[in-house]
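Here's the structure we're looking at; comments come further down.
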Amino acid sequence: MLHFSDNSANVGGDRLYKIRHIIDNLRTSFQGAFSPYRDVVIDESLLLYKGRLSFKQYIPSKRTRFGVKTFVMCDCSTGYILDFIVYTGVNSVITVSGLGKRVDTVSTLLMPYLEKGLRLYVDNWYTSPELFMWLHGQATNACGTLRKTRKHLPEIDEKLKKGEISSKSASSLLAMKWYDKREVWMLTTCHNSDMVTTGKKD
């Protein structure tokens, strides 16, 4: 029977060992074929899978709720996939930074692109002062929606009316809160608190 890898050589417990060579080649090819513009995004993606799989995930917010979870980094201008990580649980192939799994995930995907002046956009699962300060130290800016329960945030206590905004800065971080249909929190290292009208309707 034809195999991509020698099963007897899998001593590290890699759940994707049988196709690891293909995954690594794809990641290398994706990175080598295109250089990103300034803005990139990292988010989760769920690949539909209905069979039995030990690392199959359930994400109720996704259209496909069961499947294989991947962390994907894309160029914002083109949608091109720059890199990806297939999540297999604690055995996922991710660089350990010592700063937590969010930083680990982002640093693994962004490592070849640090110190190049990129700007990263993320959702509130990733956004934290620790991650953004670490990125800023690597000459990489970041912006993302924010969970107000994150530690080490500047306090913004004002009660806002619809359309109002309040912000606090600390070091290179700017935390913002504004009220639309509900409170929305953001953290950024590359913007100010000015608001502009886009003309778009949500």
Would you compute the Debye intensity of the chain from its alpha-carbon atoms alone, equal scatterers and no solvent, and pass along log10 I(q)/I(0) at q = 0.11, 0.14, 0.16 Å⁻¹ to two decimals? -0.62, -0.94, -1.16
Interchain or long-range residues, amide H under 5 Å from residue 140's placed H: 115
Put a dot 7 Å past each Cα toward the Cβ at residue 111 and residue 8; how far apart are the dots in nm? 3.0 nm
Protection proxy ranking, peptides 172-179, 27-34, average beta carbon neighbours within 10 Å, highest first: 172-179, 27-34
Convert each backbone phi in region 54-67 into a coupling constant with the Karplus relation 6.51 cos²θ - 1.76 cosθ + 1.60 (shift: θ = phi - 60°), then list the ³J(HN,Hα) values in order as whole Hz, x for Gly and Pro. 5, 10, 5, 10, 10, 10, x, 7, 8, 4, 8, 7, 10, x
Among 69, 50, 116: highest mean-square fluctuation, GNM of the chain, C-alpha pairs under 10 Å: 50
Suppose R0 equals 25 Å. What FRET efficiency, 1/(1 + (r/R0)^6) with r the Cβ-Cβ distance, do residue 101 and residue 191 give to the nearest 0.05? 0.45
Of the listed pairs 69/151; 101/151; 101/177; 18/50; 62/159; 56/151, which have alpha-carbon separations greater than 22 Å here? 69/151; 101/177; 62/159; 56/151
1/(1 + (r/R0)^6) with r = Cβ-Cβ of residue 171 and residue 59, R0 = 30 Å, i.e. FRET efficiency to nearest 0.05, evaluates to 0.35
Can you give me the relative contact order of the chain as a percent, contacts being Cα pairs under 8 Å and 6 or more apart? 13 percent
Given region 25-188, what percent of its DSSP beta bridges are antiparallel, to the nearest 5? 80 percent
Work out from phi, with θ = phi - 60° and the Karplus expression 6.51 cos²θ - 1.76 cosθ + 1.60, the ³J(HN,Hα) of each residue of region 121-132, listed in order in whole Hz, and give x for Gly and Pro. 10, 9, 9, 6, 5, 8, 4, 7, x, 4, 5, 5
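Every read-out reported here was derived from the displayed coordinates using simple, explicitly stated rules and does not represent laboratory data. All figures in this text were calculated on a predicted structure; none of them were measured in a lab. Methodologically, a virtual Cβ is constructed for each residue, glycine included, from the backbone with ideal geometry; neighbour enumeration extends over all protein chains shown.
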